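*Asks:* Below are the structure tokens for one structure; questions will follow.
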Amino acid sequence: MFGKKFKAIRHAIGMTQAEFAKELDISSAALSKIESDHSSPRAETTANLMARFKINLNWLYSDKGDMFVDFPKELADRPLYYGAVREPQKITYENDEEMEADMRAILIRLTETQNKLVDQISTNIRLRENYNKKIHQIIKMMKDGSINVEKVLSVAFLED
């Protein structure tokens, strides 16, 4: 959950993992685990993050609002990434082959992401269909007058 957020903040302020970890008073290894969602940040790490970089609590926990409450003045002159301040840089290629290879890699990543989304949507649809069937079974039992707690529990939780 927090991995993507920590990484986005670090990229937005233009720091390496080592620099960012030092600012948060944690090891680079600990930051790497947080960014890859292999561990969760400790409360004091999150507090340091919010205090040091003026991170919006609502954004951090719910994606609502802007990343920063007030952008830290000491970072205002640094080049920033991910659209925080600076426009994206123009990418130049030595030849068409480099550009084609880069474009293919981007298309592959986009396709993989699209396939993951389709899989997630399909799973959600199947779960919803299963849930709706169970609700209809319970409603039918209520209409038939054949409802009791054991039957409701077996339909709701035990049958697939």
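*Asks:* In terms of solvent-accessible area of protein heavy atoms at a 1.4 angstrom probe, what is the ranking of TYR131, TYR61, highest value first? If you can, show how the numbers build up before the last one.
*Replies:* Working: TYR131 140, TYR61 115 Å².
If we order TYR131, TYR61 from most to least accessible, we get TYR131, TYR61.
*Asks:* Compare THR45, THR123 by solvent-accessible area with a 1.4 Å probe and give them largest first, with all protein chains kept in place.
*Replies:* So the residues, ranked largest to smallest area, are THR123, THR45.
*Asks:* Report in % the part of the accessible area of the range 16-62 that belongs to carbon and sulfur, leaving out ligands and nucleic acids; probe 1.4 Å.
*Replies:* Looking at the range 16-62 in its full context, I get 51 percent from C and S.
*Asks:* Further, regarding this structure: Quick check: pseudo-label points 7 Å beyond the Cα along Cα→Cβ at ALA105 and ASN130, how many nm apart are they?
*Replies:* Roughly 3.9 nm, to one decimal.
*Asks:* Amide H neighbours of PHE68 under 5 Å, at least 5 residues apart or on other chains, H built in the peptide plane: list them.
*Replies:* ASN56
*Asks:* I would also like to ask the following. Nearest 0.05, what FRET efficiency do ALA30 and MET142 give at R0 = 41 Å with Cβ-Cβ as r?
*Replies:* 0.15
*Asks:* Still on this structure: Determine the alpha carbon to alpha carbon distance for each of LYS4/LYS116; LYS64/LYS116; LYS33/LYS54; LYS22/LYS64 and list only those over 19 Å.
*Replies:* LYS64/LYS116; LYS33/LYS54; LYS22/LYS64
The values are calculated or read from the model by the stated rules, or taken from the named source; none is laboratory data. None of these values were measured; they are calculated from a predicted model. Don't worry about glycine lacking a Cβ; one is built from the backbone with ideal geometry, like all the others, and counts go over all protein chains shown. SASA here: full protein model, heavy atoms, side chains in, ligands and nucleic acids out. Shrake-Rupley method; radii C 1.70, N 1.55, O 1.52, S 1.80 Å.
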